[in-house]
Amino acid sequence: MTKSKLTTLDSLSLQGINEDAELIPLMTPEDEEEIDKEDLPETLPILPLRNTVLFPGVVIPITAGRDKSIKLLNEANNGNKTIGVVSQKEEDVENPTSKDINKVGVVARILRVLKMPDGNTTVILQGKKRFKIDEILEEDPYIRARVLEVPETRPSKENQEFNTIIDSIKDLALEIIKESPNIPSEASFAIKNIESNSFLINFVSSNLNLPVDEKQKILEIDNIKDRALATLKYMNLEFQKLELRNDIQNKVQHDMSQQQREYFLHQQMKTIQEELGGVSHEDEIEEMQARSKDKKWDEKVKKHFDKELSKMRRMNPQVAEYSIQRNYLDLFLDLPWNEFSKDKFDLKRAKKILDRDHYGLDEVKKRIIEYLAVLKLRNDMKSPILCLYGPPGVGKTSLGKSIAEALGREYVRISLGGLRDEAEIRGHRKTYIGAMPGRIVQSLKKAGTSNPVFVLDEIDKLSVGNQGDPSSALLEVLDPEQNSEFHDNFLEMGFDLSKVMFIATSNSLNTIQPALRDRMEIINVTGYTIEEKVEIAKQHLLPKQLVEHGLDKSHLKIGKTQLEKIVEGYTRESGVRGLEKQIAKMVRYAAKNIAMDEPYNVKVSSDDVVEVLGIPRLERDKYENNEVAGVVTGLAWTSVGGDILFIESILSKGKGSLSITGNLGKVMKESATIAMEYIKANSDILGINPDIFSNYNVHIHVPEGATPKDGPSAGITMLTSLVSLFTQRKVKKSIAMTGEITLRGKVLPVGGIKEKILAAKRAHIKEILLCEDNRRDIEEIKPEYLKGLKFHYVKEMSEVLELALTKSKVKNAKKL
């Protein structure tokens, strides 16, 4: 029901239409009878209405603006004041014809015509009875038609069903008036005072908030009872809409009140924070908004940031989630999205830097220069994943820093040793308490660029714990095809790692997950020769220790001979860490004497080395030239580089058992068993009495029993040791060997050749026996490393024995 539809002139006067209008009473049953008795004119001028429908008995104001309508009203007002009112089918039609109007309308009496200040004419009409257009007589200057009366069927006063419907209409109308804020409460008096049932139905139908076509359908219903039911149906629908609207408004009003309360409290809090010198919630958000304008992120990241910032704006600063959201957005702003440092493509300069910082390592330097060359030509190459593999102390980690300087990139390093939580790589979900991003994202934040040189130290020492497998999490990081969208759980967005140059370091490849190893380019960083160690000590280690101890090169000078003595007598390693510790002792000796004003030799002599460092304790590891049968020098690979290995055999009276000691692994025990069985099977060829095997026990021992030893490289060494023992032929001087055997006497190739060669040189070995298939490994080693060594390549065990054993027996050979 709408407020704009009025029923009395008194109501019109309330709107200022006519202050002196007299009160027109509501239609009574007697009024209806009089109207029913009135004859319907044969012809009527027709007034089309745009957006309303006139019902019998109802009074409505109409504003006329069309020339035809004004002319019709003026003539009718001067005449008998009776017109026909019909509604238009389409309200947009400006000049309606007979085709544009409905056929059923209401005869209306003009109660008053008012001239409005804006030039329009307002007329107050009261409906009487319905009619139907029979024929259009003329359309100019306005529509005139022949009409027929449309009678109505009214139920009797005793019809209980109809009376119940009327009561329902009255009750529902009063409820609507009560619930609707737009209808004045005075309207309820009008409803209560209506005596005519048909007028009540028409009055309520006229004021329903319905489209014109729906009201026209109600008007065209001939049976008053059916019209009442239709009206009641629409009233129920409108009442439900009204209740729903009121519920929504109540909820909105409550929410608005809550928001106003929170806003007031936030404003007070902001004032308090400003008084205490802190930063207010709004200032933080504005600052983040300002910082975001300078970021180089793409549209997807920007949209996500704006969404999260809006979420933070709606949060109460006192809740726990607020600080999490603030940390999350701070991370977004601190990360170097699409920020890259400019690469320096001066290859000669890069080579100088690498040569300056590292002596040797030619293969590694060559690979880095190749990468720089390709990057210079293409400028869009995905960064490789390099893995520097080798023993400790050879400069794998420090090499990453030199590469970063050569490229002009930032340097980042994280240690993966002992890492057992996947979240250390991928981060935690930000919903958890204490959540933080993974170490990859944290390191990029510190670097400030998206293309640093990133060193993943000790990648072979990753562990597996209850929190997941971090090595599996690294699969995405170290895959050039996937890391352009690396997903960190805390960040919840993909971050581009494709421009990062990852360099992993490892002491062993065996403990690296195969899938992870497959993603990296393995570069073997081998140990140093004695000559290289001396040069490294001279160029790098000694100057570094002098600076760290507050001295300069005038305070201490160590010659090449003394450095070589330190290397040979006090270090046994592939790298130079132990060597640096010994040099540090020499520097501390000089620093103590300077601080105490005591005399010392600035130029260190060999005696000074022994005085400061003590008796050389590693010279015993050099080749032992002895006259005992059954002792052979082998070559072994260890996690700290190559080493020499002594294998001893001895016979004792017994029943032919074989025992092995020296903390050997399963593979080396198998090698000993294979060697023994080969000798038994070929005793005639080797010139060994078969009775020995049943009358004597054989014991094989590898000294330094506390050190675990294992690997498939001691087969020929054990067999040579046993044959030397059984035949009492000693092994030739200054010879060492490495290789594995089969039961048929074939010699198999082994790995770690370069490390073993370096160990042989440190031990002053002169000749080395190798499998023929290892010849290619020797060819890859620099000739200067091989200086002073003679190599024998063999395929059969018979060749090994021929080359390794002397022709004559040792002096005082045991009679077997």
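Laboratory data are not the source of any read-out in this text; all were calculated from the coordinates shown. A quick note: this is a predicted structure, and the numbers were derived from the prediction, not measured. Cβ placement follows ideal geometry from the backbone for every residue including glycine, while neighbour counts extend to all protein chains displayed.
Points worth noting:
- Counting DSSP beta bridges with both ends in the range 624-809, the antiparallel % (nearest 5): 55 percent
- Helix-only CD estimate at 222 nm, as mean residue ellipticity for the chain, using -39500 (n - 2.57) per DSSP H run (n ≥ 4): -13000 deg cm²/dmol
- Computed from the C-beta positions of Asp167 and Ala515, the FRET efficiency with R₀ = 60 Å rounds to 0.10.
- Angle in degrees between helix 320-334 and the longest Cα principal axis of the chain, rounded to the nearest 10: 60 degrees
- Straight-distance crosslink candidates among lysines, where the alpha carbon sits under 16 Å from Lys37 and sequence neighbours closer than 8 are dropped: Lys128, Lys129
- Segment Asp247-Asp306, length gained on full extension (0.36 nm per residue, minus Cα span): 17.9 nm
- Tilt relative to the chain, helix 160-179 - C-alpha long axis, 0 to 90 degrees, to 10: 60 degrees
- Multiplying the residue separation of Glu287 and Leu174 by 0.36 nm and subtracting their alpha-carbon distance yields 35.0 nm.
- Sequence-separation-based contact order of the range 679-797, relative, with Cα cut under 8 Å and 6+ spacing, percent: 22 percent
- Links that overshoot a 23 Å alpha carbon limit, given the list Lys544/Lys565; Lys401/Lys430; Lys382/Lys445; Lys157/Lys225; Lys557/Lys766; Lys344/Lys366: Lys401/Lys430; Lys557/Lys766
- Going from the fewest other Cβ atoms within 10 Å to the most, the residues Glu568, Glu780 appear in the order Glu780, Glu568.
- Here r is the Cβ-Cβ distance between Thr673 and Glu481 and R0 is 51 Å; the resulting FRET efficiency, rounded to 0.05, is 0.60.
- Mean Cβ count within 10 Å, highest first, over the residues of peptides 557-567, 311-321, 448-458: 448-458, 557-567, 311-321
- Taking N as the residue count of the range 63-131, its C-alpha radius of gyration divided by 2.2 N^0.38 Å amounts to 1.12.
- DSSP-defined beta bridges in the chain - what % are antiparallel, rounded to 5: 55 percent
- Stokes-Einstein diffusion for the range 350-454 at 20 °C, viscosity 1.002 mPa s, with a Kirkwood radius from C-alpha pairs, works out to 136 µm²/s.
- Calculated diffusion of the range 463-521, Stokes-Einstein form, Kirkwood radius summed over Cα pairs, 37 °C and 0.692 mPa s, µm²/s: 261 µm²/s
- Relative contact order [Cα under 8 Å, 6+ residues apart], the chain, whole percent: 7 percent
- Answer label, with Rg and Dmax of the Cα atoms in Å calculated from the coordinates and candidates [x] 32.9, 114; [y] 28.4, 91; [z] 53.1, 162: [z]
- Of every Cα-Cα pair in the range 347-524, the percent that sits beyond 25 Å: 31 percent
- With N counted as the residues of the range 20-93, its alpha-carbon radius of gyration over 2.2 N^0.38 Å works out to 1.25.
- On full extension, the segment bounded by Ser554 and Lys344 gains 71.9 nm, given 0.36 nm per residue less the C-alpha separation.
- Checked against a 32 Å cut-off, the cross-linked pairs Lys461/Lys592; Lys365/Lys553; Lys348/Lys560; Lys669/Lys756; Lys293/Lys396; Lys293/Lys446 give Cα-Cα distances beyond that limit for Lys461/Lys592; Lys293/Lys396.
- Ranked list, fewest to most other Cβ atoms within 10 Å of each Cβ, for Ser798, Ser69: Ser798, Ser69
- Within straight-line reach of Lys115, meaning a Cα separation under 16 Å, sit the following aspartates and glutamates at least 8 residues removed in sequence or on another chain: Glu19, Asp20, Asp67, Glu75.
- Cross-link reach is defined here as a Cα-Cα straight distance under 16 Å, omitting same-chain residues fewer than 8 places apart; for Lys241 the aspartates and glutamates meeting it are Glu175, Glu179.
- Estimated inter-spin distance, Lys351 and Ser98, nm [label 7 Å along Cα→Cβ]: 10.6 nm
- Using distinct alpha-carbon pairs, which all enter the 1/r mean, Kirkwood radius of the range 630-769 in Å: 15.1 Å
- What you get for the chain, charging only the Cβ of Lys and Arg (+1) and of Asp and Glu (-1), is a dipole of about 6720 debye around the Cα centre.
- On Cα atoms only, tilt of 396-407 relative to the major axis of the chain in degrees: 60 degrees
- Average Cα contact separation per residue, the range 370-444, under 8 Å, 6 or more apart, as relative contact order %: 18 percent
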